1. If you average the C-alpha positions of segment 328-378 and of segment 513-580 separately, how far apart do those two centres end up, in angstrom?
2. Take peptides 573-580, 264-271, 189-196 and line them up by average Cβ neighbours within 10 Å, highest first, as a rough protection proxy.
3. Students often check this: by mean Cβ neighbours within 10 Å, which of 514-526, 387-399, 209-221 ranks highest, and how do the rest follow?
4. Going by average Cβ neighbours within 10 Å, how do the peptides 494-502, 404-412 rank, with the highest at the top?
5. Net charge near Glu250: determine it from the other residues with C-beta under 10 Å of the C-beta of Glu250, scoring Lys and Arg +1 and Asp and Glu -1.
Amino acid sequence: MRSGSPNDADTAAVAAACWQAAAEPMAVVDEHGRLLQANQAFARAVAQPAEALPGQALADWVAEPAHALDSLLAMPGSATPPGAGVAGLRMRGPAGPVLTGPLQTGPWVAREGGWMRCLCWPGGSAAADWAVLQQSEQHFRLFAQATGDAIWLSRPGERRTLYVSPAFWRMWGQECRPDLSDCHAVWLAGIHPEDRGQVAAEFVAAAATGQYETEYRVQRPDGSMIWVRDHAYPVRDATGRMTHMAGLIEDITAAHEAQQQQRKRLAAEAQLLRLVATAPGVLMTYRRAADGAVDVQLANAKVAEAYGLNADASGGVRDPHEVIVPEDRARLRQSMESSARSMAPCRDEFRVHHPVRGLLWIEMHLTPVAEADGVIAWHGFLHEVTARKQVEEQILRTNAELEARVAERTAELEARHREMEAFSYSVSHDLKAPLRGIDGYSRLLLTDHAEQLDEEGRFFVDTIRKATVHMGQLIDDLLAYSRVERSRPMLGSIDPAAVINRLVGEYQRELDQGQVTLERELSCSQATGEREGLTMALRNLLDNALKFTQGRPERRIWLRCTEHEGRCRIEVRDNGTGFDMRYAERIFEIFQRLHRAEDYPGTGVGLAIVRKAIERMRGRVWAESVPGVGAHFFIELPL
């Protein structure tokens, strides 16, 4: 800094700086009322740049009274002392009055080619600005209280909020509070975690320009969520420097949800269009007015063309009734009329004549809807079922052929059944008659001519008699097997334990005489079968147990009847000679024997009868054995 007295240039520079820095609006005018110079305070008051003011007429800003300007300009060369005022002069700017109060004027000073004087409005401008500012702030606060959008103000680059409107606290689900020290933290914490990082980065980046716009989600303390749109704008001073950032936060939840619904609707429409385009049938709307006029709309015309329902010569869609075979038209019309009366869905099948493919079968599914104008509209689809109808016709033909074959086979079986009955009658009468003769004459030989026979002759006669007895037993067994084969079992609910107890009662004398120990465990009293068939099977098994335990030191037989895995299981076990398990299936075949007749007499038919009887009751039978230990027979019947 220089020392010493200032020169004229320095004095002029200081005066100019003070002139521009003065808070009071000041201007210099000539004797014609034109502005020669104005400071920054005057320029701000009239809302124009200071460099644009020279040359403009002071009269352009005088509001009232008009005579004040005349008095002001009528004093060239006078000695009006500095500070003399002109009461009541008001200046008007673009937005209304800007300078009010008393006006102070300086003396007229000669200049090259004329005169000039200085004008000053001390205090009047500040009071007016303060009143206008108060009114503007009052209007702003009323707007901020009423609006549903949140208004905020902050300094660029600072994480500090200078002002927020009450709508911000409502949006964030918080209680309104005057202390704004933690407002920035509340704002950031309320942003959805998935959006918070991006929003914070955009806010920091906006410190350079003061502008940003983004959308994000706000997670409230009660768990609810809203979508908002946040705008930021710069606030600049007269020099263009950004001093603040102002913003507006809008609740766009409804709009966002509407967009989501719109996107879903468009996606659903697109999906529906794809379904319609790829549907195998014809989607249609069939409208029939009261006067009989028909309006047919086909959603997928290409498929309709494949069904012979394409457009007619005039370009309109043909009425499906026109291509239906005449035999089906009356039935189809009746079906749709019935649907119209009851407003019930209509389903029917009909045939159409295709120009290339020939006769086609079409299945129709339509639902009636009564429209406002009284017209009945059916909405639904047509589906070609030609292949299915062909298969159904083939099935009907096959069923008819099968029924004919079954009838033929049934007739053959009935004929064979009658032949078997005739054979059984012949066996029981014609074959047994000679046996009775042989038995009778051989007995007469032994009783009447015994003295004429030597020992060898008597042996031959005994052998003949034994053979006739065996032959008679074999015939009886064959007849029994035949009856089982021919009979139709009357299945029903039976008590197997009761059947076993009754059968044991019949054998009790033989058991006692043979010193046979019999043990019973009968816990199942329910089965599905036939009492006579079960009795026959158990009698044969019990006969075998008595036969094959003969000669054992301690003859034992076990009978069990229990429920096993949802079926009734009957077991007959003995401690007889047993058999080799290699022949476990063979023993149930007719005429199959594992022992010599001399050792264990029999016909080889008994176990065949057992299997036949059990199988006709929808059961099964099997055997287990260890030679020399005994045999174990199992029967299972449904419950």
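1. Result: 70 Å between the Cα centres.
2. Details: 573-580: 20.4, 264-271: 10.0, 189-196: 14.9.
Ranking, from highest mean packing down: 573-580, 189-196, 264-271.
3. Values: 514-526: 13.6, 387-399: 11.0, 209-221: 15.7.
Top to bottom by mean Cβ count within 10 Å: 209-221, 514-526, 387-399.
4. Averaged packing, sorted descending, gives the order 494-502, 404-412.
5. On the way: positive: Arg229; negative: Asp149, Glu215, Asp230, Asp251.
With Lys, Arg at +1 and Asp, Glu at -1, the net is -3.
Just so you know, all these numbers are worked out from the coordinates, no wet-lab data involved. Quick caveat: nothing in here was measured; it's all calculated off a predicted structure. Note that each Cβ is placed from the backbone with ideal geometry, even for glycine, and that neighbours are counted across all protein chains shown.
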